[in-house]
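Every number in this text was worked out from the coordinates using simple rules, so none of it is lab data. Here the structure is a predicted model, which means the values were calculated and not measured. Methodologically, a virtual Cβ is constructed for each residue, glycine included, from the backbone with ideal geometry; neighbour enumeration extends over all protein chains shown.
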Amino acid sequence: MTDPTPTARNSPWKVLTGPAGLCLILLVAVLLRLDGVGFGLPALNDADEPLFMATAVEMLSKSTLDPGWFGHPGTITFYSLMLVVLLVGGLGILTGRFADFDAFAAAVYTDPGIVFLPARLLMVAFGVACVWMTWRLGKRLGGDRVGLVAAAILAVNAVQVEYSQIVRTDVQASLFMLLCAQSALAIARDGRRRDYLFAGFFAGLACATKWPGAVIGVAVIGAYLCRRRSGVAEWRDLAFSGFAAVATLFIVSPFLLIDHATVLRNLSGEARPLHPGATGDGLFDNLGWYIAGPFFSSLGIGGLLLVGGGLIWGAGDRRRWAWVILPFCLIFLGVVAAQSLRWERWIVPLLPFAALAAARALCAMADVLPAPRARIALPVALGLLLIPMVATERLEAAGRRHDTRQIASAWLRDHAPGGSRILIEHPAFDLLDEPWQLLYPMGSAGCVDVHDMLAGRISQSDVEDRRQGGAIVDVGHVDMARLDSCRADFAVVTNHIRYDADPVHYREALRRYDRLLEGGRLRLVARPVPGISSGPEVHVVELADPPAARGIRRTAGYD
């Protein structure tokens, strides 16, 4: 498809509207996502990364395709990670680094970076593929300019870059949704049955990766209605596409049916109404939070205004945009904002479409100008838009390299004597080689010795059982009767501050922290500093043993 406007044909940056421009954008996307991709390792700073990798390793050790957990549902991600683990383990065994798979698994449990870094590189590949697919969608909607501008915006988007470096389902599901949207655009143009088939296939893969991916089916319905408005009724093909989506979902994830009881239990856990630091406050408040939060921070005020304008007006094929893309964007955003919780990562699948909207608006504004001015205005405007976006991404990337949890680890190395008992609430694999006894809260099991836990290779199902429905594995969810098992010389706690922000709902969790930290001495407070460090606020407390008789105040210190 060629650009319908004459501006690009006469533009001085014409060379950048061809393969050279796309290659440059993809190169930037790759470099940004590779830079710092090993952040935190061997410690695991993202709460869900251990869940995905531990499940994949467990599936291989048991020689099963049943993940045993379907909260996202994450099936495609689990299978992808199994392939990564097999490849890394196989190469390690062939080269003599590991004697066998058991030796490999033991090494992974003590140094997760062995498999986490390759897995993150896989996510980088999916993130870059999303940039490429955004270019393809933009080209179909408005020609080379729209495609390249949209790809450039997504390539430097700080939120998309961040989640392209984390082992999660979000970016992978986003790619499948983009592929489905491409097929939906083809349906609106040509109405071929094979496009209905591909649309259903990719929608099924998106749903098998992350449940909200099913919303991309709205784009297929919109394409069908677009055809119907032109006088072509293809309801059989639409039904065929729906059947293909459902069939794909259960073919690639058959245990959704076989183990439906676990599916329902996991979904009820994911649908919890409260989560410390992520509890929403209704549809409109959540909507405002997403717009003023992740959208604004990653796009800037200029990008946000362009997105708003591009949703209703822009260059290119306005008919297919209005029928296929726009309804999906609005419904998906509404579905996300209507949830009880709110997470930055939930808008990751919308970011490519936000980039497309901004590109449509920017190119349409350039087309309004006289040709000589438009030739200069578009690249200048794009540069002014991208510069602050790149600056934001660079600051956030720098922050990820200096996480508050690693700051706490560094303090412990300097101040905790050998033989100390250290209670820690995050997967601090970076401390395994230190001369301490590490304790980790495990719900109904109390606080357990980390080395003993890793030697037994505790499974993800064990963690789910012991957390007893709690949103987080931490001190706040340890059985009160088992709290004395958490007695230590030092406690590294990360969640009590978030609980303290909502004492009404987390009264019982705070009681556990009060009892454990009573009489303790606050030795370190590590807070995130924008552009310098990231992570939660971390407190290192030197615990009293036995507990002092006097109480403490959570917000004023511990001694």
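Some values worked out for this structure:
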| item | result |
| --- | --- |
| Between helix 507-517 and the chain: long-axis angle, C-alpha atoms, 0 to 90°, nearest 10 | 50 |
| Selected from LEU369, ALA199, ALA107, residue furthest toward positive end of dipole (the chain; charges at beta carbon) | LEU369 |
| Positive-end residue, the range 27-179 charge dipole about Cα centroid, Cβ charges, pick of TRP69, ALA151, VAL161 | ALA151 |
| Kirkwood hydrodynamic radius over Cα pairs of the range 404-542, then Stokes diffusion coefficient at 20 °C and 1.002 mPa s, in µm²/s | 140 |
| Unit charges at the beta carbon, dipole of the chain: most positive-side option, ALA54, LEU483, THR134 | THR134 |
| Equivalent ellipsoid dimensions for the range 4-162 as semi-axes, Å, which come from the Cα gyration tensor, largest first | 39, 16, 13 |
| The range 404-542: relative contact order in percent, alpha carbon pairs under 8 Å with at least 6 residues between | 28 |
| Value of Rg/Rh across the chain [Cα atoms, Kirkwood radius] | 1.00 |
| Extent along principal axes [Cα atoms of the range 264-388; Å; largest to smallest] | 61, 32, 21 |
| Cβ-placed point charges (K, R +1; D, E -1), dipole of the chain about Cα centre in debye, nearest 20 | 2460 |
| Fraction of beta bridges assigned by DSSP in the range 404-542 that are antiparallel (%, nearest 5) | 65 |
| ³J(HN,Hα) computed for each position of the range 329-345 - Karplus, 6.51 cos²θ - 1.76 cosθ + 1.60, integer Hz, glycine/proline x | 4, 5, 5, 4, 4, x, 4, 5, 6, 7, 6, 5, 10, 9, 10, 4, 5 |
| Whole-angstrom gap from the range 199-217 to the range 316-394, using each part's C-alpha centre | 22 |
| 10 Å Cβ shell holding at most 11 others, DSSP loop, trypsin sites (Lys or Arg not before Pro): longest site-free stretch of the chain | 63-549 |
| Per the chain, cysteines lacking a partner by the 4.7 Å Cβ criterion | CYS23, CYS130, CYS180, CYS207, CYS226, CYS329, CYS363 |
| Gain upon complete extension [LEU522, VAL390; 0.36 nm per residue less C-alpha separation] | 43.7 nm |
